[in-house]
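The values are calculated or read from the model by the stated rules, or taken from the named source; none is laboratory data. This is a predicted model, so every value here is computed, not measured. Here the Cβ positions follow ideal geometry from the backbone for every residue, glycine too, while neighbour counts run over all protein chains shown. Calculation scope for accessible area: heavy atoms of the full protein, side chains included, ligands and nucleic acids excluded. Shrake-Rupley method; radii C 1.70, N 1.55, O 1.52, S 1.80 Å.
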Amino acid sequence: MTEHNFPPLQNDRILRAAKGEEVDKAPVWIMRQAGRYLPEFRELRSKHDFFTICQTPALACEITLQPIKRFDLDASIIFSDILVVPQVMGLTVEMKPGVGPVLPNPLLDPSHISRLITPNVEADLGYVGEAITLTRQKLNGKVPLIGFTGAPWTLMCYMIEGGGSSTLSKSRPWLYKYREDSHKLLQMITDVIIDYLVMQVKAGAQLLQVFESHGDFLNLELFEEYSFKYLKQISEKVKQKLDVQNIPRVPMIAFPKGATLDSLELLAQDESYDVIGLDWTVNPQEARSRLGDKVTLQGNMDPCAMFDTPQNVRKRAAKIVENFGKRRYIANLGHGILPETPVASVESFIAGVHSI
Ligand code: CP3
């Protein structure tokens, strides 16, 4: 791996907030900030298949930069998808317009785990590393670049359900019916994720976010056994591997969407993540008092609140910063921005955050 010589960083608000340092203004970024609500995204997307964009560093870089050119954001996030991991483990993933991701040959029972392959992460996901390195250069130090992955449980759900699911009625039974095989599968995914995140940091990622998008289907007991255990392992092993290779550690964000406050508290007390992402159902003051001041909180405006008037979006954003407090806080939505969101709302949201 070659050493990179990236331009100096001009805006370190999000890094300072993640470490618990003072900031002049709360940093803000938006999950799915490069996406279909932007006309320039739709334009480029109409010409290329979704995964072709992910696999072409110049295109992934261009899309990553689109929201950075338009808005006063404090971070960028590399354009990719959490489902590139199941892909390199041997499962076909298609992105169907109007449907979302489809895995035509999901794992129907534990015997199918043997269909999975152990990827060579540096080679098979090297295109993500190249996109990160290119984007770091093109950003020219304007804002930090976030790398990301899906969490093991969330990826396991996609592998078993064969796509998105509102009930997880195929994957959740595994946790009772096939406990050992569930752990075997989660560990296989975890091993890939660890190498993947280390590779992203080597390539230039300055923060890492782990998306546990299916945290909402786990009570405390299930969260501890099937999510937290692996989230913790990911954080510990990524840090270990970076230390051994003499690469500086980067702050890590866990976003267990829909997790109960008990689960969030478990994660916060463990201190394996610097930042915990919250969805919009969590009360800011309650989260702050239960999760303590050793962790930075991120979120949590309802993505649907972006459909209010621009004045109200701005007021609500300012209010959320006041409720969380400017210290140890990163403003964001409580989940990805919706494709129908007015662009003006994004401007108002960012202006509201920065007005405090
Ligand atoms: O945030 C960013 O700007 C970076 C890019 C990013 C995408 N997906 C691009 C994308 C990130 C961080 C993701 C993460 C992701 N992907 C998650 C975790 C976050 C979450 O939403 O809970 C999940 C669950 C996925 C899987 C996935 N990819 C789904 C469910 C969908 C369909 C959603 C939809 O709105 O249709 C995707 C597709 C996808 N990933 C799009 C984008 C911009 C839209 C697809 C398109 O252009 O056709």
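Considering only segment 141-174, how many residues are away from the ligand (no atom under 12 Å from the Cβ) and among the β-branched types (Val, Ile, Thr)?
3
Among the numbered criteria (1) over 30 Å from His4 (Cβ atoms); (2) in a loop (DSSP other than H, G, I, E, B); (3) out of contact with any Phe, Trp or Tyr (no Cβ under 6 Å at 6 or more places or on another chain), which one does Thr341 miss?
For Thr341, the exception is condition (3).
Could you tell me which residue of segment 7-60 is least open to solvent (accessible area, probe 1.4 Å), considering only residues that are away from the ligand (no atom under 16 Å from the Cβ) and in contact with a Gly (Cβ under 6 Å, 6 or more places away or on another chain)?
Pro7
Restricting to segment 316-356, count the residues that are under 18 Å from the mean Cα position of the chain (by Cα) and either modelled with pLDDT under 95 or not hydroxyl-bearing (Ser, Thr, Tyr) (or both).
Result for segment 316-356: 10.
Please work out if Asp308 is away from the ligand (no atom under 15 Å from the Cβ) and free of Cβ contacts under 8 Å to residues at least 40 places away in the same chain. Steps first, answer last, please.
Numbers: away from the ligand (no atom under 15 Å from the Cβ): yes; free of Cβ contacts under 8 Å to residues at least 40 places away in the same chain: yes.
Judged against the criteria, Asp308 is a match.
Can you tell me how many residues in segment 69-98 are within 11 Å of the ligand (Cβ to nearest atom), acidic (Asp, Glu) and either touching a helix residue (DSSP H, G or I) at 6+ places or on another chain (Cβ under 6 Å) or open to solvent by less than 40 Å² (accessible area, probe 1.4 Å) (or both)? Lay out the reasoning, then the answer.
Here is the first cut: in segment 69-98, the residues within 11 Å of the ligand (Cβ to nearest atom) are 73, 75-86, 93-98.
Restricting the remaining residues to those that are acidic (Asp, Glu) gives 81, 94.
With either touching a helix residue (DSSP H, G or I) at 6+ places or on another chain (Cβ under 6 Å) or open to solvent by less than 40 Å² (accessible area, probe 1.4 Å) (or both) added as a condition, the list becomes 81.
Total satisfying the criteria: 1.
Take the residues of segment 99-146 that are part of a helix (DSSP H, G or I) and among the charged types (D, E, K, R): which is least open to solvent (accessible area, probe 1.4 Å)? So that I can check it myself, show each step before the final result.
Just the residues of segment 99-146 that are part of a helix (DSSP H, G or I), to begin with: 110-115, 121-124, 126-139.
Subsequent filtering for residues that are among the charged types (D, E, K, R) retains 115, 122, 124, 130, 136, 138.
Values: Arg115: 97, Glu122: 95, Asp124: 66, Glu130: 114, Arg136: 36, Lys138: 129 Å².
Once the filter is applied, the top-ranked residue is Arg136.
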